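Have a look at the structure below before the remarks.
The values are calculated or read from the model by the stated rules, or taken from the named source; none is laboratory data. The structure displayed is predicted, hence computed values, not measured ones. Positions of Cβ are backbone-derived with ideal geometry, glycine not excepted, and every protein chain shown enters the neighbour counts.
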């Protein structure tokens with residue numbers, strides 16, 4: 001206590017030595033600032049109570065500027081905290097810690113700072129979570145839009161393939177109609193030529209008969225002349241048909257000559273005017289038993305590339321058509337069933353290689369070198385603990401089967417696969433089915449008409 005006494009006495013002496021007028025003026029200014037500070041403090045408290053926290057914080061800081069009271073800084077920090085401006089509140093609490101020296105004030109400010117730090121961390125975490133959720137939502141929307149675009153693209157490609165298929169079928173039908181028209185014209189020309197030959201032969205026969213008749217008349221006239229010279233009786237004419245000059249209607253004369261002269265209808269007549277009888281229509285069909293081998297590209301899971309594979313199998317192919325029995329049909333309905341297997345491109349041995357049945361149907365156009373369109377359904381069993389699956393292909397073959405043998409070169413493309421709906425752990429190395437496959441088939445045909453020329 002004695003240590004601080006000189007300082008206190010020096011302060012007192014210094015104050016007592018000031019002019020009375022300066023002390024009085026300073027006291028009046030201090031009272032005015034004190035009054036203004038109290039008024040601002042009251043206004044700040046009212047703003048705080050009414051929820052206008054930004055205004056309350058500004059007024060509390062004005063109080064601090066006038067009175068230099070750490071409590072005003074604390075109140076301003078509380079106003080910023082209540083107004084949700086935690087960063088500014090933290091700054092004011094830290095300022096309060098530097099101004100306030102009391103243990104109670106320090107403890108309370110530190111507690112507030114800890115709560116603000118916790119809230120700031122939680123807000124940052126919530127903001128990061130919200131941003132992550134927003135990014136996930138945006139990515140999901142983009143993925144959904146991409147999938148929708150891919151689906152529409154696949155539908156457009158499918159419609160394009162269908163339109164191309166219809167165009168090919170229309171072209172084939174047009175070619176068939178053109179070929180039928182050409183055949184009909186050729187048949188009409190042949191019939192016209194045949195009728196011309198028959199008519200020419202008929203006219204030649206009639207000319208020959210007229211020549212014979214003229215010769216007989218000349219001989220008879222000569223005989224009558226000799227008889228008249230010798231004075232013997234004149235014999236009666238030996239011809240029964242009127243002379244050619246009396247025939248004014250050629251078709252009628254030909255008919256009368258044909259009826260009066262039996263040799264016209266005999267075996268000497270070449271050609272006939274009877275129309276050509278059409279060939280009998282009948283049900284045509286046959287069965288082909290064969291073996292198949294091929295090379296394909298297998299569609300593996302989405303994260304892997306297509307891989308090559310070898311296939312083999314046996315099949316039975318039946319066809320049915322309606323047409324003239326001696327000639328190959330223009331078209332045929334085709335049905336087939338068989339068994340197929342794959343070598344397996346990424347496993348050792350054949351125990352895990354898939355195998356299964358296949359059925360299909362389509363149409364064949366035998367007059368076009370045995371062109372055949374088919375759609376096949378394949379059911380495969382991998383035999384390696386994976387789920388069985390099926391897929392559908394569309395293909396075309398060029399078939400040569402003139403008699404009892406058949407050779408076919410074909411191509412198949414994947415158009416649908418059941419494996420797309422299975423979990424990825426079931427899409428093993430055998431994938432979804434062949435994207436494309438070239439096949440070579442050889443077999444023996446049992447049929448009542450050849451399948452191709």
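Determine, yes or no, whether residue 73 is in contact (Cβ under 8 Å) with a residue 24 or more places away in the chain and exposed (fewer than 14 other Cβ atoms within 10 Å of the Cβ). Explain how you work it out, then say what you get.
Values: in contact (Cβ under 8 Å) with a residue 24 or more places away in the chain: yes; exposed (fewer than 14 other Cβ atoms within 10 Å of the Cβ): no.
So residue 73 fails the test.
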**Item:** Index of the failed condition, residue 432 passing every other in (1) under 19 Å from residue 310 (Cβ atoms); (2) at pLDDT 80 or above
**Value:** (2)
**Request:** Give me the pairs, please: first residue somewhere in region 174-191 and more than 21 Å from residue 331 (Cα to Cα), second residue anywhere and outside any helix (DSSP H, G or I), beta-carbon distance under 8 Å, and either six or more positions apart or on two chains.
**Result:** 191/275; 191/276
**Prompt:** How about region 319-339: which of its residues are surrounded by fewer than 21 Cβ atoms within 10 Å (Cβ to Cβ), over 17 Å from residue 433 (Cβ atoms) and at pLDDT 75 or above?
**Reply:** 333, 335, 336, 337
**Message:** On the basis of being loosely packed, with under 13 Cβ neighbours inside 10 Å and free of Cβ contacts under 8 Å to residues at least 12 places away in the same chain, does residue 222 make the cut?
**Reply:** yes
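Can you confirm whether residue 149 is farther than 30 Å from residue 330 by Cα and modelled with pLDDT under 95?
For residue 149, the condition - farther than 30 Å from residue 330 by Cα and modelled with pLDDT under 95 - is not met.
Being touching a helix residue (DSSP H, G or I) at 6+ places or on another chain (Cβ under 7 Å) and in a helix (DSSP H, G or I) is the filter here; which residues of region 83-93 pass it? First the steps, then the outcome.
Restricting attention to region 83-93, the residues satisfying the condition of being touching a helix residue (DSSP H, G or I) at 6+ places or on another chain (Cβ under 7 Å) are 83, 86, 88-90, 92-93.
Correct list: 86, 88, 89, 90, 92, 93.
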